[in-house]
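Report on the structure given below.
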Amino acid sequence: FLAKGGGRYRLSDCEIVSSDDYATVLLVSRDGQALRASRSILVQVGTRARPSGWSNRPATWTDDNGKPVTGHEIVAHGQAPWLVADSHIDLRLANPHLSKAVVLDANGQPLRSMAVDSMGWLKLPRDSLYIQIEA
C-alpha cells in the first residue's frame, strides 16, 4: 500500500517512489554482495493481478462466534488471460557501480535496455516484472 504510506520509501541502500495503491518491489543481489556494492541486481515488481472476468461484491456473514463480518464475496473466478495492473515506480540505488539496466520478460529473457541516470534513478517501465541492473 505504497501510496497510502506516503509514496516515498528511503532505505539504507535504495529509495522507492510510487503512486501505486498496491505494489511490491524486491531487490536481490545476484553476486552475494550488499545492494550498495553489488555489480548485479535483480528487481522484481508485483502489482494487483486478477483473471479476466473476475468479479466480487460486498457481503456480510456471521463468523463461528456469531459475530457479523463484512467483506467481499467472489461472484466469478474468471479465466485466462490474467490482467496485471501497470506499476508506477521510480527506484534509486545507492550504488555508484550500476550503469545499465535490461527489462526482462516473465521467463527472464531480455526485452529492452533502459537508462540509469547519473544519480542512480531508474523509472521502471509500467509493464515490467523483472529488471536486471548491472555495472
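Send over a whole-number figure in Å² for the accessible area per residue of the range 33-105, probe 1.4 Å.
In whole numbers, the range 33-105 has 63 Å² accessible per residue.
Which lysines have a Cα less than 27 Å from the Cα of Lys67, not counting those fewer than 8 places away in the same chain?
Leaving aside lysines fewer than 8 places away in the same chain, none come within reach of Lys67.
Using r as the Cβ-Cβ distance of Trp121 and Val75, and R0 as 41 Å, what FRET efficiency do you calculate, to the nearest 0.05?
That pair, Trp121 with Val75, gives E of 0.45.
Could you list the chymotrypsin sites (Phe, Trp or Tyr not before Pro) in the range 48-135 that lie in coil according to DSSP, counting only those with at most 15 other Cβ atoms within 10 Å of their Cβ?
Trp54
Pop out the carbon and sulfur fraction of the accessible area of the chain as a percent, whole number, probe 1.4 Å.
Carbon and sulfur together cover 52 percent of it.
Please list, ordered by chain and number, the residues whose modelled amide H lies under 5 Å from the amide H of Arg30; skip anything fewer than 5 residues away on the same chain.
Ser40, Ile41, Leu42
Per 0.36 nm of contour for each residue apart, how much would the distance between Arg36 and Asp105 grow if the chain were fully extended, relative to their Cα-Cα spacing?
22.3 nm
Filter the trypsin sites (Lys or Arg not before Pro) in the range 4-36 to those in DSSP coil with at most 13 other Cβ atoms within 10 Å of their Cβ, and list the result.
Answer in residue order: Lys4, Arg30.
Given contacts defined as C-alpha pairs under 8 Å and at least six residues apart, what's the relative contact order of the chain, whole-number percent?
25 percent
Report, in debye and to the nearest 20, how large the dipole of the range 40-114 comes out about its Cα centre when Lys and Arg carry +1 and Asp and Glu carry -1 on their Cβ.
260 debye
Using only protein heavy atoms and a 1.4 Å probe, report how much of Ser118 is accessible, in Å² to the nearest 10.
120 Å²
Only Lys, Arg, Asp and Glu count, each charged at its Cβ (+1, +1, -1, -1), so figure out the dipole size of the chain about its Cα centre, rounded to 20 debye.
240 debye
Using label points projected 7 Å from each Cα along Cα→Cβ, tell me how many nm separate Arg8 and His97, to one decimal.
Here the answer is 2.9 nm between the modelled labels.
What are the ³J(HN,Hα) couplings of the range 85-94, residue after residue, when phi is run through the Karplus curve with 6.51, -1.76, 1.60 and θ = phi - 60°? Round to Hz, x for glycine and proline.
5, 5, 9, 9, 10, 10, 10, 10, 9, 7
At what distance in nm do the modelled label points of Asp63 and Val84 sit from each other, each positioned 7 Å from its Cα along Cα→Cβ?
Computed distance between label sites Asp63 and Val84 equals 3.5 nm.
The values are calculated or read from the model by the stated rules, or taken from the named source; none is laboratory data. Just so you know, these numbers come straight off a predicted model, no measurement behind them. Don't worry about glycine lacking a Cβ; one is built from the backbone with ideal geometry, like all the others, and counts go over all protein chains shown. SASA here: full protein model, heavy atoms, side chains in, ligands and nucleic acids out. Shrake-Rupley method; radii C 1.70, N 1.55, O 1.52, S 1.80 Å.
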